[in-house]
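What follows is one structure encoded as structure tokens, with my remarks underneath.
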């Protein structure tokens, strides 16, 4: 018998680390390989950034409630967000699609209408890709390409103890939007005569179905002359991404419940769904906000210029520390999340 | 009722043209977008090349006879071949994999062992990617990244009338290897006690299971100071790729049966399988050889230095002309192939 170890014993991060550790060839022009939001390649005058995402039907999206146009838009946003997380400018992308015959040409047109809408919004050009038939479901592969001035690049690593942890926008909305859609799907499956009740949840639905990449935040920081000391985009959830950030710098983190930005409308939806809004913010994922650290001296500059960046905590010198401090001043360990989390089943 | 047009009415090339025609944003740093083997981006000192391929189980490969290690190797070769087809040097790649739980960690290790073996062989580094679970089967996405000196880039377009059409290596082997594997699969399905009979077909099996990208040809041309006037890699089959090449330059082609390179072992397999060796060479695909055009003055230089490049015909000034001239001097139109051709069912 051959050895057989189940894939889910490793988790996605474990699998990526395992794959990365087996590499034996390195290229002299590679500055950063596997392990950051995007790969960094020496392009002479600047650094070139490349990031690949894969989105699979039934895992990342459920076409029974995700319109194809939104799916196309969101796939591009996810790719662009990885370039922004390196403090870069997204410029081009390639898209591969594997589709089964159940998709018509009109359906593919709708998917690309969403892709092109995002391209226009973020000024990126679709420069290539591949189309193929598929046995089952839709799989999308998005490779985002960008560039960054060498002195302005920001990695996941690079934070120092006592740096301030910042997050853009607000968190948890995308996850709560998904819960509303899942609830209405269950209602519909129980009785197809039922029309979905989405009124009152527009904010979280928009966060789930049409997230935006925070190119405006990157521009603001540039205008303020601030280069974050480390950065990641929030795709897996604040808790998981905070731990990634801390681990990359070999340091710890301490964040405060009262500083976590949650939108008023997300609170309302969470209350109706009997879900904890902080659980959604910490573990929800797909917000595509930027999580970054700054030197203490940059704090006032941000405070003076924007209210769309929250200061949620500090980098701790102790690498073992990853704490969430509640309003009652209790310290709770931040739990990491893994591989199956985004599975919609 | 919404309009519904079946996907297979367009074909893969039609679908790509349709997608490309809907683009509205172009980036100033994009030199060549959709429509060549790789996208071309202005990187300052040189051109950057990016190409994405998607490989889906049951469409591009059948895991009942394709070992995972070979699949990994071949996926990298397919990506690298696109960079070579622009006269470029491949340097990095990203790989996305969507896998179902039926794959163990050991199976994923084997797939990556093949990917890394190709990385080492071609001196490219795996710099990123994505791993996700999948509902059904394995989907691989490979994005190859490379560079080329601006004055040395070769596009699909660029040929002139009377240029000589060249092809590296020999053709049809990969397709014939696939036919042997398919035959043995049928025999096995009829009676699982039967062991596959592969002896005598090693050459074509190697062409199918472990093709190589012709980086040696690109180096030879460089050493000879020859820049082809146009180029494409043979992934879809000589007939289809010839038509792509001719169409890109707005010209025609005329190729000669007696000049088409077919390996002696491919002949023998074709004979045993009662298949036409020229049909395999013209329509088979997956050979990953390079098809290119040169100026007449470069002919002698190549002839003097290598026997691994064949001169198979001429570029014709008539864009309507796409002819295959048989040994009996009959002129037969070259038929193009489409989307479903590589489907293994």
Yes/no for residue B:319 being touching a helix residue (DSSP H, G or I) at 6+ places or on another chain (Cβ under 9 Å), farther than 21 Å from residue B:85 by Cα, modelled with pLDDT of 95 or more and not in a helix (DSSP H, G or I):
yes
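Results for (1) touching a strand residue (DSSP E or B) at 6+ places or on another chain (Cβ under 8 Å); (2) crowded, with 22+ Cβ neighbours inside 10 Å, shown as yes or no for each residue.
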{"position": "B:258", "(1), (2)": "no, no"}
{"position": "B:263", "(1), (2)": "no, no"}
{"position": "B:266", "(1), (2)": "no, yes"}
{"position": "B:287", "(1), (2)": "no, yes"}
{"position": "B:291", "(1), (2)": "yes, yes"}
{"position": "B:304", "(1), (2)": "no, no"}
Any residue that is surrounded by 24 or more Cβ atoms within 10 Å (Cβ to Cβ), in the same structural domain as residue B:265 (by TED's automatic domain parsing) and outside any strand (DSSP E or B) - is there at least one of those in the range B:178-186?
yes
Please find, within the range A:117-129, the residue that is farthest from residue B:236 (Cα to Cα) out of those that are part of a helix (DSSP H, G or I) and at the interface with chain B (Cβ under 7 Å from one of its Cβ atoms).
A:120
Among the candidates A:171, A:126, A:140, single out the residue that is crowded, with 24+ Cβ neighbours inside 10 Å and within 30 Å of residue A:313 (Cβ to Cβ).
A:171
In the range B:1-44, anything farther than 22 Å from residue B:86 by Cβ, facing another protein chain (nearest Cβ under 7 Å) and in a loop (DSSP other than H, G, I, E, B) is listed as B:2, B:3, B:4, B:5, B:10, B:22, B:24, B:25
Can you find even one residue in the range A:65-83 that is closer than 14 Å to residue A:149 by Cβ, more than 10 Å from chain B (Cβ to nearest Cβ) and crowded, with 24+ Cβ neighbours inside 10 Å?
yes
Working only within the range B:1-30, note down all residues that are crowded, with 18+ Cβ neighbours inside 10 Å and either in contact (Cβ under 8 Å) with a residue 60 or more places away in the chain or in contact with a helix residue (DSSP H, G or I) (Cβ under 8 Å, 6 or more places away or on another chain) (or both).
B:7, B:10, B:12, B:13, B:15, B:19
Looking at B:196, B:228, B:192, B:211 in this structure, which one is farther than 24 Å from residue B:162 by Cβ and either touching a strand residue (DSSP E or B) at 6+ places or on another chain (Cβ under 8 Å) or buried (at least 21 other Cβ atoms within 10 Å of the Cβ) (or both)?
B:211
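In the range A:45-56, what residues are within 7 Å of chain B (Cβ to nearest Cβ) and surrounded by 15 or more Cβ atoms within 10 Å (Cβ to Cβ)?
Quick first cut of the range A:45-56, residues within 7 Å of chain B (Cβ to nearest Cβ) only: A:45, A:48, A:50-54, A:56.
Of everything in the range A:45-56, those that are within 7 Å of chain B (Cβ to nearest Cβ) and surrounded by 15 or more Cβ atoms within 10 Å (Cβ to Cβ) turn out to be A:48, A:50, A:51, A:52, A:53, A:54, A:56.
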Being in a strand (DSSP E or B) and under 19 Å from the mean Cα position of the chain (by Cα) is the filter here; which residues of the range B:45-69 pass it?
B:49, B:50, B:51, B:52, B:53, B:54, B:55, B:56, B:57, B:61
Per-region count, the range A:239-256, residues within 30 Å of residue A:202 (Cα to Cα) and surrounded by fewer than 19 Cβ atoms within 10 Å (Cβ to Cβ):
1
Those residues of the range A:182-197 which are in contact with a helix residue (DSSP H, G or I) (Cβ under 8 Å, 6 or more places away or on another chain) and within 17 Å of residue A:62 (Cβ to Cβ), in sequence order:
A:196
Check off (1) at pLDDT 95 or above; (2) closer than 17 Å to residue B:286 by Cβ for residue B:90 and give me the number that stays unchecked.
(2)
Could you grab me the full set of residues in the range B:130-168 that are over 22 Å from the mean Cα position of the chain (by Cα), part of a strand (DSSP E or B) and at the interface with chain A (Cβ under 9 Å from one of its Cβ atoms)?
B:130, B:131, B:132, B:133
For the range B:89-116, what are the residues that are within 8 Å of chain A (Cβ to nearest Cβ), assigned to a helix (DSSP H, G or I), in contact with a helix residue (DSSP H, G or I) (Cβ under 8 Å, 6 or more places away or on another chain) and under 25 Å from residue A:136 (Cα atoms)?
B:105, B:108, B:109, B:112
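The values are calculated or read from the model by the stated rules, or taken from the named source; none is laboratory data. Just so it is clear, the model here is predicted, and its values are computed rather than measured. As a convention, Cβ positions derive from the backbone with ideal geometry for all residues, glycine included, and neighbour counts pool all protein chains shown.
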